[in-house]
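Q: Here's a structure for you.
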């Protein structure tokens, strides 16, 4: 086992091992760099070839393999982590998972910072972007219609760099999204009244990720029993916009990793779900103050369940939702009777 020495500097800490030089890791804090709360690695910008991809992570313990998947697609370039609260803890974590030039965390917790040219420049020059967990309503409040949002969409649609998000960071990756601005809603509450004041769903006014414009995501799926509220969100989208959106959800410790062609696999230790609505099977009752009824002879929503593995399991065609291409999982039917979610095969 190599010896490890720790040197405290004015910029942070440096860990030296008796191994190779590339094991040296320094967290630096650069004065007067807007929003930056820490950077590790080479502070000089590099440009590397990238492959597009989106990692939708369900929260909880971080999924090492999902981060490695993104790192591989970054070409070893500069990684930027953005958040509206929290610390620079992702810097050494991501830096230690694979070969990258640098990892920097930006704490963008005001509209002033979100409109800062330097902040936008740092994001645009990233070869990989990760959106940390927290409160997605803050991301909407601080970043919507700003240079930061434009920079993220630039990475997604022009530069085609890999972008990932966990928990709240995953919630905002889809075109339709639940804001949680007035507080989180449970499945029971949402199914009892899909028009509950806490159900705030928005339509494609934030991020524009490839293949996710007709999708709404959810996270912490099994751990927090959120299947029912996800279904309620879909029912509201149908009623509000006459759009039969799809759902993608990952449980904790699990990620849906979609490549640049819209083909996804599930990485992690729990499950992911793909929900498919049908224009001929709209909810029977979706009205304010009434429990949701979406039965359709017990075949309201077609669901594909994939058990994740650390190496990645199964495949699902998010680009076209071609059900014949789904592999490695199993099909289920979900329906709702008087505000109660039920399922069968």
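The values are calculated or read from the model by the stated rules, or taken from the named source; none is laboratory data. All values reported here derive from a predicted model rather than from experimental measurement. Using ideal geometry, Cβ is built from the backbone for each residue, glycine included, and neighbour counts are taken over all protein chains shown.
Q: Considering only strands (runs of 3 or more DSSP E) fully contained in the range 262-345, which possess at least 3 residues that are over 30 Å from residue 209 (Cα atoms)?
A: 340-344
Q: A further question follows. Would you point out the residue of the range 76-93, among those that are outside any loop (DSSP other than H, G, I, E, B) and in contact with a helix residue (DSSP H, G or I) (Cβ under 6 Å, 6 or more places away or on another chain), that is farthest from residue 141 (Cα to Cα)?
A: Of everything passing the filter in the range 76-93, 79 is farthest from residue 141 (Cα to Cα).
Q: If you don't mind, there's one more thing I want to ask. Could you list, in sequence order, all residues of the range 210-225 that are over 21 Å from residue 309 (Cα atoms), surrounded by 24 or more Cβ atoms within 10 Å (Cβ to Cβ) and touching a helix residue (DSSP H, G or I) at 6+ places or on another chain (Cβ under 7 Å)?
A: 216
Q: Now a separate question. Which of the residues belonging to the range 62-75 are closer than 26 Å to residue 140 by Cα and either out of contact with any strand residue (DSSP E or B) (no Cβ under 8 Å at 6 or more places or on another chain) or in a loop (DSSP other than H, G, I, E, B) (or both)?
A: Hits for the range 62-75 are 62, 63.
Q: Here's a follow-up. From the set of residues in the range 34-47 that are out of contact with any helix residue (DSSP H, G or I) (no Cβ under 7 Å at 6 or more places or on another chain) and assigned to a loop (DSSP other than H, G, I, E, B), which is nearest to residue 75 (Cα to Cα)?
A: Taking the candidates together, the pick is 47.
Q: Taking residue 229 as the residue in question, decide whether it is within 17 Å of the chain's Cα centre (by Cα) and closer than 23 Å to residue 61 by Cβ.
A: no
Q: Would you mind stating whether residue 202 is under 24 Å from residue 335 (Cβ atoms), at pLDDT 95 or above and surrounded by fewer than 24 Cβ atoms within 10 Å (Cβ to Cβ)?
A: no
Q: Can you tell me which condition residue 36 does not meet? The list is (1) surrounded by fewer than 18 Cβ atoms within 10 Å (Cβ to Cβ); (2) modelled with pLDDT of 95 or more; (3) touching a strand residue (DSSP E or B) at 6+ places or on another chain (Cβ under 9 Å), and all the others hold.
A: It is condition (1) that residue 36 fails.
Q: Follow-up question, since we're still on this one. Going by the conditions given, is residue 56 closer than 30 Å to residue 218 by Cβ and either at pLDDT 95 or above or not in a helix (DSSP H, G or I) (or both)?
A: So residue 56 fits the description; yes.
Q: Okay, moving on. Given the conditions (1) out of contact with any helix residue (DSSP H, G or I) (no Cβ under 6 Å at 6 or more places or on another chain); (2) part of a loop (DSSP other than H, G, I, E, B); (3) surrounded by fewer than 16 Cβ atoms within 10 Å (Cβ to Cβ), and given that residue 240 satisfies all but one, which numbered condition is not satisfied?
A: (2)
Q: Any residue in the range 90-104 that is buried (at least 19 other Cβ atoms within 10 Å of the Cβ) sitting within a Cβ distance under 7 Å of a residue that is modelled with pLDDT under 95 and in a loop (DSSP other than H, G, I, E, B)? List the pairs, counting only those 6 or more apart or interchain.
A: That search, which allows pairs on different chains as well, returns 101/42; 102/42; 102/43.
Q: Does the range 263-299 hold any residues that are in contact with a helix residue (DSSP H, G or I) (Cβ under 8 Å, 6 or more places away or on another chain) and more than 24 Å from residue 64 (Cα to Cα), and which are they?
A: Correct list: 275, 276, 277, 282, 283, 286, 291, 292, 294.
Q: Answer yes or no as to whether residue 185 is surrounded by fewer than 20 Cβ atoms within 10 Å (Cβ to Cβ), over 18 Å from the mean Cα position of the chain (by Cα) and modelled with pLDDT of 95 or more.
A: no
Q: For the range 114-136, indicate whether the set of residues that are in contact (Cβ under 8 Å) with a residue 60 or more places away in the chain, within 17 Å of the chain's Cα centre (by Cα) and surrounded by fewer than 17 Cβ atoms within 10 Å (Cβ to Cβ) is non-empty.
A: no
Q: Could you check, for the range 250-265, whether at least one of its residues is within 27 Å of residue 287 (Cα to Cα) and touching a residue at least 60 places away in the same chain (Cβ under 8 Å)?
A: Looking for residues that are within 27 Å of residue 287 (Cα to Cα) and touching a residue at least 60 places away in the same chain (Cβ under 8 Å), one finds none in the range 250-265, hence no.
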